[in-house]
Amino acid sequence: MSTVTLSPSFAPPAQVVPILRQQGYAVLSAASVTQLAGCELAALMALNPSWNDLPPDAYLKDGGHYRRRRHSCFVVQGDALTQVPHRAHWQPLAYNALHGGMERWFEPMRDSDVHAPGWRQLLVALGRICTALKADAGAPAAPPWFVEAHQFRIDTTDGIGRPTPEGAHRDGVDFVAVLLVDRVGIKGGETRVFEAEGPNGQRFTLTEPWSMLLLDDTRVIHESTPIQPTADGGHRDTLVLTFRASGFQSS
(Lines give C-alpha, C1' and ligand atoms only; values in the text may rest on other atoms or scores of the structure.)
Protein backbone atom coordinates (compact mmCIF):
# COMPACT_ATOMS: atom_id res chain seq x y z
CA MET A 1 0.00 0.00 0.00
CA SER A 2 1.39 3.41 -0.97
CA THR A 3 1.97 6.13 1.59
CA VAL A 4 0.26 9.46 0.96
CA THR A 5 2.32 12.56 1.77
CA LEU A 6 1.23 16.19 1.64
CA SER A 7 3.59 18.44 -0.28
CA PRO A 8 4.44 21.86 1.12
CA SER A 9 3.70 25.13 -0.65
CA PHE A 10 7.12 26.49 -1.56
CA ALA A 11 7.93 30.18 -1.16
CA PRO A 12 9.81 32.03 -3.93
CA PRO A 13 13.15 33.33 -2.62
CA ALA A 14 12.12 36.96 -3.07
CA GLN A 15 9.03 36.41 -0.93
CA VAL A 16 10.60 34.59 2.01
CA VAL A 17 10.77 37.62 4.30
CA PRO A 18 7.22 38.87 3.55
CA ILE A 19 5.80 35.36 3.99
CA LEU A 20 7.60 34.90 7.29
CA ARG A 21 6.25 38.26 8.46
CA GLN A 22 2.75 37.21 7.47
CA GLN A 23 2.49 33.67 8.82
CA GLY A 24 5.60 32.95 10.88
CA TYR A 25 7.09 30.27 8.64
CA ALA A 26 8.13 29.63 5.05
CA VAL A 27 9.13 26.50 3.12
CA LEU A 28 11.78 26.65 0.41
CA SER A 29 12.69 24.17 -2.29
CA ALA A 30 16.31 23.08 -2.65
CA ALA A 31 16.64 25.33 -5.71
CA SER A 32 15.47 28.31 -3.67
CA VAL A 33 17.83 27.45 -0.81
CA THR A 34 20.81 27.40 -3.17
CA GLN A 35 19.65 30.62 -4.82
CA LEU A 36 19.51 32.36 -1.45
CA ALA A 37 22.89 30.94 -0.44
CA GLY A 38 24.48 31.79 -3.78
CA CYS A 39 25.92 28.31 -4.22
CA GLU A 40 25.35 25.21 -6.30
CA LEU A 41 23.35 22.32 -4.88
CA ALA A 42 26.51 20.22 -5.18
CA ALA A 43 28.17 22.45 -2.54
CA LEU A 44 25.49 21.47 -0.03
CA MET A 45 25.30 17.83 -1.13
CA ALA A 46 29.06 17.64 -0.48
CA LEU A 47 28.18 17.81 3.24
CA ASN A 48 25.92 14.74 3.10
CA PRO A 49 28.55 12.03 3.79
CA SER A 50 29.18 13.35 7.30
CA TRP A 51 25.68 12.22 8.33
CA ASN A 52 27.06 8.67 8.05
CA ASP A 53 29.52 9.53 10.84
CA LEU A 54 27.28 10.85 13.62
CA PRO A 55 27.82 9.48 17.15
CA PRO A 56 24.83 8.15 19.12
CA ASP A 57 22.86 10.61 21.23
CA ALA A 58 23.54 9.44 24.80
CA TYR A 59 20.96 11.74 26.40
CA LEU A 60 17.64 10.31 25.20
CA LYS A 61 15.40 10.02 28.24
CA ASP A 62 12.85 7.77 26.59
CA GLY A 63 15.37 4.92 26.49
CA GLY A 64 15.58 4.94 22.70
CA HIS A 65 18.62 4.39 20.48
CA TYR A 66 17.23 5.98 17.34
CA ARG A 67 19.08 9.33 17.29
CA ARG A 68 22.61 10.25 16.26
CA ARG A 69 23.91 13.82 16.22
CA ARG A 70 26.70 16.38 16.21
CA HIS A 71 26.52 19.95 17.47
CA SER A 72 28.63 23.07 16.92
CA CYS A 73 28.14 26.80 17.58
CA PHE A 74 28.89 29.84 15.45
CA VAL A 75 28.46 33.59 15.31
CA VAL A 76 27.23 35.16 12.06
CA GLN A 77 27.69 38.90 11.65
CA GLY A 78 27.22 40.36 8.21
CA ASP A 79 29.28 38.26 5.81
CA ALA A 80 31.49 36.86 8.58
CA LEU A 81 31.09 33.39 10.07
CA THR A 82 33.07 32.43 13.16
CA GLN A 83 33.02 29.09 14.94
CA VAL A 84 33.13 29.53 18.73
CA PRO A 85 34.84 27.17 21.21
CA HIS A 86 32.91 23.95 21.66
CA ARG A 87 30.14 24.26 24.21
CA ALA A 88 27.23 22.31 25.63
CA HIS A 89 23.74 22.46 24.20
CA TRP A 90 21.31 23.69 26.87
CA GLN A 91 17.61 24.52 26.86
CA PRO A 92 15.35 25.56 29.74
CA LEU A 93 12.63 23.16 30.82
CA ALA A 94 10.07 25.69 29.64
CA TYR A 95 11.05 24.91 26.03
CA ASN A 96 12.07 21.27 26.34
CA ALA A 97 10.30 19.45 29.16
CA LEU A 98 12.00 16.15 28.24
CA HIS A 99 15.64 17.15 27.81
CA GLY A 100 15.78 20.70 29.15
CA GLY A 101 17.61 21.87 32.24
CA MET A 102 20.79 19.89 31.62
CA GLU A 103 24.01 20.43 29.72
CA ARG A 104 24.28 18.05 26.79
CA TRP A 105 27.75 17.67 25.32
CA PHE A 106 27.70 16.30 21.77
CA GLU A 107 30.65 15.71 19.47
CA PRO A 108 31.37 18.76 17.29
CA MET A 109 30.89 18.90 13.55
CA ARG A 110 33.78 17.79 11.38
CA ASP A 111 36.30 20.49 10.46
CA SER A 112 35.95 19.65 6.78
CA ASP A 113 32.27 20.56 6.93
CA VAL A 114 32.48 23.82 8.88
CA HIS A 115 35.23 25.05 6.52
CA ALA A 116 33.34 24.08 3.36
CA PRO A 117 32.31 27.09 1.20
CA GLY A 118 28.70 25.97 1.03
CA TRP A 119 28.47 25.93 4.83
CA ARG A 120 29.52 29.56 5.21
CA GLN A 121 27.29 30.69 2.35
CA LEU A 122 24.25 28.96 3.84
CA LEU A 123 24.64 30.39 7.35
CA VAL A 124 25.46 33.90 6.14
CA ALA A 125 22.43 33.91 3.84
CA LEU A 126 20.13 32.81 6.66
CA GLY A 127 21.67 35.48 8.88
CA ARG A 128 20.66 38.10 6.30
CA ILE A 129 17.06 36.88 6.39
CA CYS A 130 17.01 37.00 10.19
CA THR A 131 18.44 40.52 10.12
CA ALA A 132 15.81 41.65 7.63
CA LEU A 133 13.06 40.29 9.87
CA LYS A 134 14.52 41.90 12.98
CA ALA A 135 14.85 45.25 11.18
CA ASP A 136 11.10 45.70 11.73
CA ALA A 137 11.85 45.97 15.45
CA GLY A 138 14.66 48.50 15.00
CA ALA A 139 17.56 46.03 15.23
CA PRO A 140 21.07 47.12 14.13
CA ALA A 141 21.96 46.86 10.45
CA ALA A 142 24.29 43.89 11.05
CA PRO A 143 23.63 42.36 14.48
CA PRO A 144 25.53 39.25 15.56
CA TRP A 145 23.52 36.05 15.36
CA PHE A 146 24.37 33.24 17.75
CA VAL A 147 23.85 30.03 15.81
CA GLU A 148 23.65 26.45 17.04
CA ALA A 149 24.00 23.80 14.35
CA HIS A 150 22.63 20.29 14.92
CA GLN A 151 23.20 17.39 12.56
CA PHE A 152 20.58 14.70 13.21
CA ARG A 153 20.06 11.18 11.96
CA ILE A 154 16.84 9.55 13.14
CA ASP A 155 16.94 5.86 12.32
CA THR A 156 14.58 2.92 12.74
CA THR A 157 16.85 0.74 14.89
CA ASP A 158 14.09 0.56 17.52
CA GLY A 159 11.40 -0.07 14.89
CA ILE A 160 10.32 3.54 15.17
CA GLY A 161 12.28 6.79 15.30
CA ARG A 162 11.15 10.07 16.86
CA PRO A 163 12.48 13.27 15.29
CA THR A 164 10.94 15.36 18.10
CA PRO A 165 10.56 13.18 21.20
CA GLU A 166 9.73 16.32 23.21
CA GLY A 167 6.58 16.84 21.11
CA ALA A 168 5.35 20.10 19.61
CA HIS A 169 7.66 22.82 20.88
CA ARG A 170 9.49 26.08 20.50
CA ASP A 171 13.28 26.21 20.83
CA GLY A 172 13.63 29.44 22.81
CA VAL A 173 15.43 31.28 20.00
CA ASP A 174 14.46 33.86 17.38
CA PHE A 175 14.49 31.77 14.21
CA VAL A 176 14.88 28.09 13.31
CA ALA A 177 15.85 26.53 9.99
CA VAL A 178 15.12 22.83 9.46
CA LEU A 179 16.76 21.43 6.34
CA LEU A 180 15.98 17.94 5.11
CA VAL A 181 19.28 16.37 4.08
CA ASP A 182 17.93 12.96 3.09
CA ARG A 183 15.26 10.37 3.85
CA VAL A 184 15.82 6.73 2.97
CA GLY A 185 13.49 3.74 3.36
CA ILE A 186 10.94 5.33 5.69
CA LYS A 187 7.39 6.48 5.98
CA GLY A 188 6.19 9.21 8.33
CA GLY A 189 8.27 12.20 9.33
CA GLU A 190 5.47 14.64 8.65
CA THR A 191 6.19 18.24 9.64
CA ARG A 192 3.55 20.14 11.60
CA VAL A 193 3.58 23.88 12.29
CA PHE A 194 1.06 25.59 14.56
CA GLU A 195 0.45 29.16 15.64
CA ALA A 196 1.73 29.59 19.21
CA GLU A 197 -1.27 31.79 19.98
CA GLY A 198 -3.97 30.89 17.51
CA PRO A 199 -5.97 28.10 15.92
CA ASN A 200 -4.17 27.73 12.60
CA GLY A 201 -1.71 25.04 11.59
CA GLN A 202 -0.21 23.31 8.58
CA ARG A 203 1.09 19.80 7.94
CA PHE A 204 3.30 18.58 5.11
CA THR A 205 6.21 16.26 4.42
CA LEU A 206 9.63 17.44 3.31
CA THR A 207 10.96 14.93 0.77
CA GLU A 208 13.41 16.91 -1.38
CA PRO A 209 17.03 16.88 -0.17
CA TRP A 210 18.10 20.35 1.03
CA SER A 211 14.61 21.77 1.05
CA MET A 212 14.06 23.92 4.13
CA LEU A 213 11.46 25.00 6.67
CA LEU A 214 12.24 28.42 8.15
CA LEU A 215 10.39 29.36 11.36
CA ASP A 216 9.85 32.44 13.50
CA ASP A 217 10.28 30.65 16.83
CA THR A 218 8.52 33.44 18.73
CA ARG A 219 5.30 32.91 16.77
CA VAL A 220 4.94 29.22 15.94
CA ILE A 221 5.53 25.79 17.44
CA HIS A 222 6.60 22.77 15.42
CA GLU A 223 7.08 19.03 15.49
CA SER A 224 7.82 16.08 13.20
CA THR A 225 5.91 12.82 13.48
CA PRO A 226 7.66 9.47 14.09
CA ILE A 227 9.18 7.49 11.25
CA GLN A 228 8.84 3.78 10.50
CA PRO A 229 10.96 1.68 8.13
CA THR A 230 9.88 0.63 4.67
CA ALA A 231 13.30 -0.93 3.99
CA ASP A 232 16.32 -2.04 5.97
CA GLY A 233 18.36 0.84 7.33
CA GLY A 234 15.56 3.39 7.06
CA HIS A 235 16.54 6.83 8.34
CA ARG A 236 15.89 10.57 8.12
CA ASP A 237 18.75 13.10 8.10
CA THR A 238 18.23 16.76 8.97
CA LEU A 239 20.24 19.87 9.72
CA VAL A 240 18.70 22.19 12.31
CA LEU A 241 20.07 25.72 12.67
CA THR A 242 18.85 28.03 15.44
CA PHE A 243 19.47 31.79 15.36
CA ARG A 244 19.33 33.85 18.54
CA ALA A 245 20.16 37.56 18.89
CA SER A 246 20.73 37.70 22.62
CA GLY A 247 23.49 35.12 22.94
CA PHE A 248 23.58 31.35 23.34
CA GLN A 249 21.18 29.75 25.77
CA SER A 250 23.09 28.71 28.86
CA SER A 251 22.48 27.41 32.34
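The values are calculated or read from the model by the stated rules, or taken from the named source; none is laboratory data. These numbers come from a predicted model, not from an experiment. Using ideal geometry, Cβ is built from the backbone for each residue, glycine included, and neighbour counts are taken over all protein chains shown. These accessible areas exclude ligands, DNA and RNA; they are computed on the full protein's heavy atoms, side chains included. Shrake-Rupley method; radii C 1.70, N 1.55, O 1.52, S 1.80 Å.
A few points about this structure:
- ARG110 sits among other residues whose Cβ lies under 11 Å from its own Cβ, and their net charge, with Lys and Arg +1 and Asp and Glu -1, is -3.
- Axial C-alpha extent at least 15 Å, average Kyte-Doolittle at least -1.0 - helices from the chain (DSSP): 117-134
- Under-5 Å amide H pairs with THR230, H placed in peptide plane, nonlocal only: ILE186, LYS187
- Look at the dipole of the chain built from charges on Cβ: of PRO108, TRP210, VAL124, the Cα furthest out on the positive end belongs to VAL124.
- Under-5 Å amide H pairs with TYR25, H placed in peptide plane, nonlocal only: ASP216
- Percent carbon-and-sulfur accessible area, the chain, ignoring ligands, DNA and RNA, probe 1.4 Å: 51
- 3J(HN,Hα) from dihedral phi, the range 184-199, Karplus parametrisation 6.51/-1.76/1.60, rounded to Hz, x for glycine, proline: 9, x, 9, 10, x, x, 6, 8, 10, 10, 10, 4, 5, 9, x, x
- Contact order normalised by residue count of the chain, Cα under 8 Å, 6+ apart, percent: 26
- A 1.4 Å probe over all protein chains sorts ASP232, ASP216 by accessible area into ASP232, ASP216, starting with the largest.
- Distant-in-sequence amide H partners of MET102 (H built 1.01 Å from N, under 5 Å): GLN91
- For the chain, built as a Gaussian network whose Cα springs stay under 10 Å, the top-fluctuating residue of SER50, SER72, SER224: SER50
- Test item: Cα-centred dipole of the range 16-244, Lys/Arg +1 and Asp/Glu -1 on Cβ, debye: 120
- Residues of the range 16-244: accessible area per residue with a 1.4 Å probe, Å²: 41
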